[in-house]
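Visitor: Before I ask anything, here is the structure I am working with.
The values are calculated or read from the model by the stated rules, or taken from the named source; none is laboratory data. Predicted, not measured: the structure shown is a model, and the values here were computed from it. Here the Cβ positions follow ideal geometry from the backbone for every residue, glycine too, while neighbour counts run over all protein chains shown. Side chains are part of the model used for accessible areas, which takes the heavy atoms of the whole protein and leaves out ligands, DNA and RNA. Shrake-Rupley method; radii C 1.70, N 1.55, O 1.52, S 1.80 Å.
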Amino acid sequence: MKVLKFGGTSVASSGVIKQVREISANSKAERIAVVVSALGGVTDLLLDTMHTASRQDASFRKALKGIEDRHLEVVRELLPTKAQSGILSKVKSELNVLETLLEGAYYIGEVTPRLSDKVVSYGELLSAFIISEYFKVSGLDAVFKDSRELLITDQTHGKAAVDFKETDKRIIHYFEEESAKVVILPGFIASSEDGNVTTLGRGGSDYTASIIAAALKVDELQIWTDVSGMFTANPKIVKQAKPIAHISYEEAMELSHFGAKVLYPPTVQPVLAKGLPISIKNTFDPDAAGTLITRKSPEEGRTVRGISYIPGISLLSLEGPGMIGIPGISKRFFEVLSLANISVVLITQASSEHSICIGIADEDASKAIKEIDKAFAFERSQGKIKPVAHEKDLAIIALVGDQMKNHQGLSGRMFSTLGKNNVNIRAIAQGASERNISAVIRKEDVKKALNTLHETFFEENVKQLNLYVLGCGNVGSKLLEQLRKQRKYLKEHLRLNIRVLGISNSRRMYFDEQGISLQNWQDLLAGGEKANAGEFFKTIQKINARNSILVDNTASEKVAESYPRYLRESISVVTCNKIACSSAYENYRQLKELAKQFRAPFLFETNVGAGLPIIDTLKHLVASGDEVLEIKAVLSGSLNFVFDHFDEHTTFHDVVKQAQEQGYTEPDPKIDLSGIDVMRKILILARESGFKLELSDIENRSFLPEEALKTKDNNQFFAALQKHEAEFQQLVRDAKAKKCKLKFVASLKEGKASVGLEHIPQGHDFYSLAGSDNIVLFYTKRYPKQPLIIKGAGAGADVTASGIFADIIRIGTY
Ligand code: ADP
Ligand code: ASP
Ligand code: MG
């Protein structure tokens, strides 16, 4: 014999009930007991309706009518017309009785726990009745049995305790007498010794099924639900979660106790005692393997079996100098809670005994505080104990596994994973069984915490990176294109799953928590909402995704100023915007500090030499103990282009104009021509080498005449270039006379930095530098004579985008 239990969603409509019949009819056992829940959502509706009535709100009648219609519709859809009338009138007459009860609540204006149990019992009673009639009419040898006649409990309404002796006796006796092949029973409901309806707690139909299975020592208890087994985490929150094929009773119990709703926690107990297997199956996919729960699970090398969470938790802490060394405080503390019928989900006590901290359900908090403060009123009046501290809207997350005790470092991994994602941990507990490690966190962090822990413990190698891209012009759009093309490779080879969750330019912004399609992001962005920096940040905060990265492709000062608030949320920052790193030293230092403190990398490789790995190389040199003695570099693609093309046959004005038109300079070419841009770059290299320099410390030997430097706009600037053409020609002639080329060189030596035009003789590393290439020579303690040279394309949207991409990958593989 087997017991099959079908949950609310499995009996939510006539369509699924037909599926339930198929599963029952195809069951290989010669006899089955079928335990059913109320039609999906009906228990909640009944409770809502009852509370509406007790608030003396007449709309409860309409709600009740809705519940009636739902049941009548199922009857009409399941049964042939001629079989309907008797069943319809039975359903109606039951609901008339219910209406009378609710009228009572309406007139008195209150509900008692006893009435509440009576009201909710209609959900299971009606569904089991309708399903049994349908089974019979459709040819099964089926019979309905009211569980209230079998399951006997105490009088604790809402969550009654079962009298197993009496209950087992009745179940065994009933099944001995009854010969029908299929017995259909309502789950969840029972009766007390004095004959009142009681219930076994929300989700309790699983428990009903288990009690029957254990009493009859059946071959198997099957829990049919809307997912294919017990998953490594709630599949509605963690998309990557997988069904666990085989798990032990203890693991299943621990997971369900810590919130895996798929199994009502007390369910395991009765069958565990008899060693009967439980299997969890999917009504909507009966062929899926599901989960098998038995005494021992195969070890499979897996330490963590699942991750679960309990929402709606409050932390209460009792603290005070009067607690130290005084025996009996904890005893009194827990006694108070137990007398008030408050269950404690988690306990931590510091070894100093200076404080006790407990986790309880949010709804129990105010009662608990009142009782505790009352119990310790004397100690409080003497200042020995402080008033109870309360923190609400928290959640407990727990890692569960039988084998966890045999492995070191799991909690370290758990907490560093959470820490990296800025999940603040309020309290920690590890069960003495070492079958679970739990942590209390903010409820807003639950989704992120579950997903990131799941990634660490179950997807070992795949890491998801969530990007928010600011600026979708030249560089930004190239980056998005490169990301699109590389996605598959990164997943397969680097085990990185890169998703873009938000994009914005100066006009619009667009978000998609599931990842924006990189095929048509332009259209999506065009249809997005109006861009707003504050809202952009708030939305990212709200999405609260793990491994988040802000990618700044703008040249905006405002954006650069916003980095600290991102870093404080543990959101990494990757930027090609030079403003932040070349601003005041204190600002640069603070950004680096925040990055360290919040474990969110702040990377800006593209600030110098676009995609060339200049900063990364420098960082490695410094980190490995090398010391920078001197840097000589050509760092401006624009100036290089200009001096490459300028000679006695052209004019300086025309060459600069050409460079501007071809995108080799900033829109305001003076930023390049004046040397400011190069100053910023050498400043960043100097700082990365360990020197505390400000921009004003850098000497700029500008070749531009004063008049050109002082211009206010591009027109004035170009006019000034034209006016001073003779001086520019002179520069070329002087260089030529010495058989040299002109290069705009940045230098750092003995902590002093300068930029300026230099004569470069033939044979020098800089001499043949062409186009918009950059070159850097690092003279260090390890490379004192022959410098370490990095050379290559140092400008252009494509290489800049690939430099940003490299920074993103650095974070992914960090
Ligand atoms: P039923 O109505 O069949 O009793 P429940 O809603 O009580 O179904 O339980 C099934 C639900 O449990 C799933 O839809 C899922 O959202 C939730 N759940 C939470 N944690 C887990 C988990 N670890 N594995 C599977 N389901 C889970
Ligand atoms: N119908 C009850 C509830 O919703 C019991 C159950 O479905 O297990 O809590
Ligand atoms: Mg359930």
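Visitor: log10 I(q)/I(0), Debye, Cα-only the stretch 242-398, no solvent, q = 0.09, 0.15, 0.18, 0.19 Å⁻¹?
Guide: Values returned for q = 0.09, 0.15, 0.18, 0.19 Å⁻¹ are -0.43, -0.86, -1.03, -1.09.
Visitor: Binning every alpha carbon pair distance of the stretch 611-698 at 5 Å from zero, what are the percents per bin?
Guide: Result, from short to long distances: 3, 13, 20, 18, 15, 12, 10, 6, 3, 1 percent.
Visitor: With contacts defined as alpha carbon pairs under 8 Å and 6 or more residues apart, what's the relative contact order of the stretch 2-225 in percent?
Guide: 28 percent.
Visitor: Cα-Cα over 22 Å: which of Lys448/Lys619; Lys169/Lys281; Lys632/Lys752; Lys145/Lys217; Lys443/Lys491?
Guide: Those over the limit are Lys448/Lys619; Lys169/Lys281; Lys443/Lys491.
Visitor: Still on this model: How much space per residue, in cubic angstrom, does the convex hull of the C-alpha atoms of the stretch 1-142 take up?
Guide: Considering the Cα atoms of the stretch 1-142, their hull volume per residue is 97 Å³.
Visitor: What are the principal axis extents of the Cα atoms in the stretch 710-814, in Å, biggest first?
Guide: 54, 37, 27
Visitor: On to the next question. Using a 1.4 angstrom probe with every protein chain in place, what is the largest-first accessible-area order of Ser624, Ser411, Ser747?
Guide: Sorted descending by solvent-accessible area, the residues read Ser624, Ser411, Ser747.
Visitor: To check my understanding: the extent here is largest minus smallest coordinate of the Cα atoms along each principal axis. What are those three numbers for the stretch 182-248, in Å, largest first?
Guide: Principal extents (Cα only, largest first): 49, 27, 23 Å.
Visitor: For Ser297, list long-range residues whose amide hydrogen, built 1.01 Å from N in the peptide plane, is under 5 Å from its own amide hydrogen.
Guide: Under 5 Å from the amide H of Ser297: Ser248.
Visitor: May I ask for the angle, rounded to the nearest 10°, between helix 446-458 and the longest principal axis of the chain, with both axes built from Cα atoms and the value confined to 0 to 90°?
Guide: Value to nearest ten degrees: 80.
Visitor: Which of the GluC sites (Glu not before Pro) across the stretch 606-668 are loop residues per DSSP, with 13 or fewer other Cβ within 10 Å?
Guide: Glu627, Glu648
Visitor: Then there's this: Looking at the stretch 614-795, I'd like the Rg to Rh ratio, where Rg is from alpha-carbon atoms and Rh is Kirkwood's inverse mean 1/r.
Guide: Across the stretch 614-795, the Cα-based Rg/Rh ratio is 0.98.
Visitor: Can you give me the accessible area per residue for the stretch 614-795, using a 1.4 Å probe, in Å²?
Guide: Ligands and nucleic acids excluded, the result is 47 Å² per residue.
Visitor: OK, next. Give the calculated FRET efficiency between Glu444 and Lys296 to the nearest 0.05, with a Förster radius of 45 Å applied to their Cβ-Cβ distance.
Guide: Here the calculated transfer efficiency is 0.70.
Visitor: In addition: When the dipole is taken about the Cα centre of the chain, and only Lys, Arg (+1) and Asp, Glu (-1) are charged at their Cβ, what size is it in debye, to the nearest 20?
Guide: Value, rounded to 20: 880 debye.
Visitor: Output the 0 to 90 degree angle, nearest 10, between the alpha-carbon long axis of helix 714-723 and the longest principal axis computed from the alpha carbons of the chain.
Guide: Relative to the chain, helix 714-723 is tipped by roughly 20 degrees.
Visitor: Right, next: For Phe744, what accessible surface area do you get with a 1.4 Å probe? Give it in Å², rounded to 10.
Guide: 10
Visitor: Among Pro787, Ser689, Thr617, which residue has its Cα furthest toward the positive end of the charge dipole of the stretch 614-795, with +1 on Lys/Arg Cβ and -1 on Asp/Glu Cβ?
Guide: Most positive-ward Cα: Pro787.
Visitor: If you don't mind, there's one more thing I want to ask. Read phi for every residue in the stretch 354-370 and hand back ³J(HN,Hα) as whole Hz from Karplus 6.51 cos²θ - 1.76 cosθ + 1.60, θ = phi - 60°, with x for Gly and Pro.
Guide: Karplus values, whole Hz, x for Gly and Pro: 6, 8, 10, 10, 10, x, 9, 5, 3, 5, 8, 4, 5, 5, 4, 4, 4.
Visitor: Compute from the Cα atoms of the chain the Rg and the Dmax, the latter being the longest Cα-Cα distance, and quote both in angstrom.
Guide: My reading of the Cα-based Rg and Dmax gives 36.1, 118 Å.
Visitor: Quick one: what are the phi-derived ³J(HN,Hα) couplings along the stretch 797-803, Karplus 6.51/-1.76/1.60 with θ = phi - 60°, whole Hz, x for glycine and proline?
Guide: 4, 5, 6, 5, 4, 6, x
Visitor: Give me the angle, in degrees from 0 to 90, between the Cα long axis of helix 113-137 and the longest principal axis of the Cα atoms of the chain, rounded to the nearest 10.
Guide: Its long axis makes an angle of about 80 degrees.
Visitor: Quick one: Kirkwood hydrodynamic radius for the stretch 103-165, alpha-carbon pairs, angstrom, one decimal?
Guide: It works out to 14.0 Å.
Visitor: Expressed in whole Å with the largest first, what are the equivalent ellipsoid semi-axes of the stretch 206-314 derived from the C-alpha gyration tensor as the square root of 5 times each eigenvalue?
Guide: 21, 16, 15
Visitor: Something else now. Cα to Cα, under 26 Å, and not fewer than 8 places away if on the same chain: which lysines meet these conditions relative to Lys331?
Guide: The reachable lysines, counting only those whose Cα sits under 26 Å from Lys331, are Lys159, Lys367, Lys370, Lys374, Lys384, Lys386, Lys392.
Visitor: To continue, here is another question. Would you mind calculating the relative contact order of the stretch 463-606 from Cα pairs under 8 angstrom and at least 6 residues apart, reporting the percent as a whole number?
Guide: Relative contact order, the stretch 463-606: 22 percent.
Visitor: Further question: Percent relative contact order of the chain, based on C-alpha pairs within less than 8 angstrom and at least six residues apart?
Guide: Over the chain, the number comes to 8 percent.
Visitor: Also: I'd like the accessible area for Lys65, computed on protein heavy atoms only with a 1.4 Å probe and all protein chains in place. Round to 10 Å², please.
Guide: 110
Visitor: Oh, and also: Cα atoms only: what Rg and Dmax, in Å, come out for the stretch 306-457?
Guide: Spelled out, the Cα radius of gyration and Dmax of the stretch 306-457 are 16.5, 50 Å.
Visitor: Per Stokes-Einstein, at 4 °C and 1.567 mPa s, what whole-number D in µm² s⁻¹ belongs to the stretch 478-577, with the Kirkwood radius over Cα pairs as the hydrodynamic radius?
Guide: 91
Visitor: Before rounding to the nearest 500, sum -39500 (n - 2.57) across all DSSP H runs of length at least 4 in the chain and divide by the residue total; then give [θ] at 222 nm in deg cm²/dmol.
Guide: Dividing the helical sum by the residues of the chain leaves -13000 deg cm²/dmol.
Visitor: Please work out the C-alpha center-to-center distance from the stretch 206-282 to the stretch 97-112 and express it in whole Å.
Guide: Each part's Cα centre sits 36 Å from the other's.
Visitor: Which whole-Hz couplings ³J(HN,Hα) result when phi for each residue of the stretch 264-273 is put into the Karplus expression 6.51 cos²θ - 1.76 cosθ + 1.60, θ = phi - 60°, listed in order with x for Gly and Pro?
Guide: Values per residue, Gly and Pro as x: 5, x, x, 4, 5, 3, x, 6, 4, 4 Hz.
Visitor: Also, I was wondering about something else. Sort Asp219, Asp647 by accessible area with a 1.4 Å probe, largest first.
Guide: Asp219, Asp647
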